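The values are calculated or read from the model by the stated rules, or taken from the named source; none is laboratory data. No experiment lies behind these values; they were computed from the predicted model shown. Positions of Cβ are generated from backbone atoms using ideal geometry, with glycine treated the same way; all protein chains shown enter the neighbour counts. For the accessible areas, the whole protein counts, side chains as well, though only heavy atoms, and no ligand, DNA or RNA atoms are used. Shrake-Rupley method; radii C 1.70, N 1.55, O 1.52, S 1.80 Å.
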Amino acid sequence: MRQLCKGNVAIVKGAILAGCRAYYGYPITPASEIAEAAALYMPQVGGTFLQAESEVAAINMVYGAAAAGARVMTASSGPGVSLMQEGISYCAGAELPCVIVDVVRGGPGLGNIAPEQSDYFAMVKGGGHGNYRNFVLAPASVQEMAELTMLAFELADKYRNPVIVMADGFIGQMMEPLDLEDREITLPEKPWAVKGTPQTRANLISSIFLEPDQLEAHQRKLEAKYQRAQQVETRHELYECDDAEVLLVGYGITSRVLRSAVEAARRNGLKAGLFRPITLWPFPSKELAQAAAKVEKVLVVELSNGQMVEDVRLAVNGRVPVEFFGRTGGNVPSVEEVNIELTQRLGVLA
Amino acid sequence: MPTELSEEVVKEAVEQHEELGFEVIHEKSPVFYDRFERKSDLQGQTHYCPGCGHGVAHKLIAEALADLGLQDKTIFVSPVGCSVFAYYYFDVGNVQLAHGRAPAGATAIKRTCPDKIVISYQGDGDLAAIGTAEIIHAANRGEKITVFFVNNAVYGMTGGQMAPTTLIGQKSTTSPFGRRPSNEGYPLHMAELIATLEAPVYVERVALSDNKNIMKARRAVRKALELQRDGVGFSFVEILSPCPTIWAKDPVEARKWVAEKMIPVFPLNVFRDKKPEALTDTAPPIRPVREVLELGTKSTGADVTPHHAHHFKEFTVKVAGFGGQGVLLLGQLLTEMGMREGLEVSWLPSYGPEMRSGSANCHVTLSRERIGSPLISHPDVLVALNEISLRKFASQVAPGGFILYNAERLPADFTLPQARIVCLPASEIADKLGSIKATNMVMLGALLEETECLLPATALNVLRDKIKKVAMMEVNDQAVAAGRDFIDHYVRVGAVTQPDGFAG
């Protein structure tokens, strides 16, 4: 049955249905409802909720719980996620599966609490030190907040790697119908975990490889994993792309505006289509290149000064002009604004 | 240095010690690995310097774990510092953690494996500098872990920089003129600090300065682990430990330095040894997931009429007013109603500081199709609960749209937008009904009556399910009715408010 639910709350519902029973976090607007929902639900389903003393402690608690084999998560927003970056790097280095939610707000610095997508570089390109990747999923609805969180746990365990659910202030704060089913799940075996048992006594969770050759070998192993993921884990959504002359590209809340913009453009006789990356890493480059092959122009819209657009340009590889339109500071472009960009700046109708 | 002692030397030493009343253990604890693979060519040796206290501390812990039969149950958390490689020696489950964060990691490990033994082993840079917050908070929460804090008054691994525990006047590579309180403050007394907290059950400082003190340390290590085994609480043992290499002393002099220089600053003491308390707080009862997450909760009123023929493809409402006027709730109720009538819906609030002071607004979209943007540039309806909202948002209303304004009349200088306006004194009506808090319900009734976007019956069902305050139920129902009534009797009849906004 459908229930009206806030995006941030849906994250926790999805997590619990994915078998997560451990939440360690620190509150921050606009992500606090995630901690609040976890505080409410986790103890009632036999799980752990702990409000850490800081985001630094929180991510290291996540590291500890993951090391002991738990499905574990945390959530924060920009400044808090910045504090977690070291720990995320450690999790990647030690190959610990975990889920981190970033409900992105305005930055840099304290910025503001309004929605932005300006953490794309920090989440998708790393942010912490060293050679590693985060999987990054970008929900665009309350339903997806839950579903992609569930997927995040699957990917985290499958690849033994941190997975980021990158939302924004609006997707986190808005309410929409949420339709979830309780289902039986089988949690994967984690023979590598350290559980204080005779079977796991020989196990070691560590990210230190002192010898250069050892560390290089470890990094090659990680890289091979990332290459595999790039082949099979990309996800995207197409809308009205079959006959599109211009392709809009956006994710998260922006993709919602762009969906309406496509409809408005088509009402005005302009054949627009929408390409929505759902995985920001691995980025659906091949699929985007295919979708872009048929259009005359690509317009990337982000709540940033142009971050994902770099990956779009790499994917399109100069075959089609790629334009960028961004709003920041918490301003979300309206459908009208996007259509003005489409018709005037790109000159497609002229 | 010889790695093996001759049998005679060992025998002599054993006899001497036994005369002094010590139990002599000279075999390697089974909790240590047979071979130490940290140094490929010297597998009988640790990577620690000769005379370093870590070797002794490791031995005391390993022996205690063996004697207590805890080897298979133990998870050892190694820090960043000289003991980062402790996992090369302890044949137990091992987790290496980031600098200073061992107590945070250990917290979660213990909560994941509550019946296991979790040890956080840390040095003074790790625990008393970068990880101060983590140790204080883990101790304050009374995590049922054991922390061994090795204090050697310097940063050993990185080559002898100042530690928070460096003594006054002590030279280090980053206090080359000696530690000066005017510049670097005073040595941090961690055991005393931890002992100020309520939760820890056992806090002791010991020293590896001489055999007598080492035996005391041995007892402290054991006791701390026994307390964890028995599930009693947080135990903390600070171990003053020699660092001959950085102190530039031979091992014997280094031990002497612990006794003569460190102990006067860091007195040996049992700072806390309290009986376990039975905490009386209780966790909430565990319930089925389906119930907790409200996955299958049927509304008491059931879904009203999913097949109700809505007169729109998409209908958008913006609700705005002061925080506290029930702006967001009114929007949520509309959204819930739409969902129950089988529509696609979205609710997008203004949030944050805006929510806590001053004005609030939210966007509601009701649609027969999947909703694109939940942001509304041009709402079909504006519900303005105060004058500021009217002035701010009236011009956004779609041509042919409708404004519902909470007042008897429009402000005199108000310029009319391209929209129909109905003024109704909802606050006054609500107040007369018994609660000004029902203002938003009066507006809801009026909105439903005027636009017929959703069924009033759905509203009553949603109110029944969502408004938990029993005292408000009746007032709310009456308020919705009064709002509908107002539209019915006054607006439709044309008695009070005209499209030009002035009371007739």
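For this structure, a couple of remarks:
- Rg/Rh for segment A:176-233 stands at 1.16; both radii use Cα atoms, and Rh follows the Kirkwood definition.
- Solvent-accessible surface ranking, highest first, for B:K432, B:K466 at 1.4 angstrom: B:K432, B:K466
- At an R0 of 60 angstrom, the distance between the Cβ atoms of A:N131 and B:Y490 translates into a FRET efficiency of 0.25.
- Helices of chain B meeting both criteria, an alpha-carbon length of 24 angstrom or more along the long axis and an average Kyte-Doolittle score not below -0.5, with helices taken as full DSSP H segments, are B:470-486.
- For segment B:308-491, the spherically averaged projection of the C-alpha convex hull amounts to 10.0 nm².
- Dipole of the protein assembly as shown computed with +1 at Lys/Arg Cβ and -1 at Asp/Glu Cβ about the Cα centre; of A:I253, A:V142, B:T174, farthest Cα towards the positive end is B:T174.
- 5 Å binning of all Cα-Cα separations within segment A:3-232, expressed as whole percents from 0 upward: 1, 7, 15, 20, 21, 16, 11, 5, 2, 1, 0
- In the context of the full protein assembly, A:E337 retains an accessible surface of approximately 50 Å², using a probe radius of 1.4 Å and ignoring ligands and nucleic acids.
- Rg/Rh for segment A:286-330 stands at 1.00; both radii use Cα atoms, and Rh follows the Kirkwood definition.
- Charge tally in the Cβ shell below 14 Å around B:A259, where Lys, Arg are +1 and Asp, Glu are -1, B:A259 excluded: +4
- Whole-percent pair-distance distribution, where bins are 5 Å wide, for the alpha carbons of segment A:131-170: 6, 26, 31, 20, 11, 5, 1
- When the residues B:R290, A:R160 are ordered by accessible surface, computed with a 1.4 Å probe over the protein chains alone, the sequence from largest down reads B:R290, A:R160.
- With K and R counted +1 and D and E -1, the other residues having a Cβ less than 11 Å from that of B:Q122 yield a net charge of -3.
- Counted by Cβ distance under 11 Å from B:T107, the other residues give a net charge of +2, where Lys and Arg count +1 and Asp and Glu count -1.
- Relative to the compact-globule estimate of 2.2 N^0.38 Å, the Cα radius of gyration of segment A:237-345 comes out at 0.94.
- Whole-percent P(r), segment B:22-273, all Cα pairs, 10 Å bins from 0: 8, 34, 39, 17, 2.
- Cα-based Rg of segment B:191-282 normalised by 2.2 N^0.38 Å, two decimals: 1.26
- Across segment A:304-350, the fraction of Cα-Cα pairs farther apart than 14 Å, rounded to a whole number, is 59%.
- Over all directions, the projected convex hull of the C-alpha atoms in chain B averages 35.1 nm² in area.
- Pairwise Cα inverse-distance average, inverted: Kirkwood Rh of the protein assembly as shown (Å): 30.3
- Solvent-accessible area of A:K125 with every protein chain in place, 1.4 Å probe, in Å² to the nearest 10: 90
- Compared with the dominant Cα axis of chain A, that is its longest principal axis, helix A:32-41 is turned about 50°.
- Against the criterion of solvent-accessible heavy-atom surface with a 1.4 angstrom probe, A:Y63, A:Y90 sort, most first, into A:Y90, A:Y63.
- Taking every DSSP bridge with both residues inside the protein assembly as shown, close to 35 percent are antiparallel.
- Here's how it looks for A:A75: its modeled amide H is under 5 Å from those of A:Y26, A:V101, which are all 5 or more places away or on a different chain.
- The magnitude of the dipole of segment B:308-491, with charges of +1 and -1 set on the Cβ of Lys/Arg and Asp/Glu and taken from the Cα centre, is near 420 debye.
- Note on segment A:1-111: dipole from Cβ charges, positive end direction compared against A:L40, A:G87, A:P30; the farthest Cα belongs to A:L40.
- Diagonalising the gyration tensor over the Cα atoms of segment B:121-209 and scaling each eigenvalue by 5 before taking the square root yields semi-axes of 25, 13, 12 Å, largest first.
- Angle between chain A longest axis and helix A:252-267 axis [Cα atoms, degrees, rounded to 10]: 20
- DSSP-defined beta bridges in segment B:22-273 - what % are antiparallel, rounded to 5: 25
- Counting all C-alpha pairs of segment A:1-80, share separated by more than 20 Å (%): 26
- Calculated Rg and Dmax of segment A:124-208 using C-alpha coordinates, Å: 16.6, 48
- The protein assembly as shown, helix-only ellipticity at 222 nm - DSSP H runs n ≥ 4, -39,500 (n - 2.57), divided by all residues, nearest 500: -10500 deg cm²/dmol
- Calculated FRET value between B:E260 and A:Q51, using beta carbons and R₀ = 45 Å, to 0.05: 0.50
- Taking all protein chains together and rolling a 1.4 Å probe, B:K216 ends up with roughly 100 Å² accessible.
- Relative compactness, segment A:84-168, computed as alpha-carbon Rg over 2.2 N^0.38 Å: 1.06
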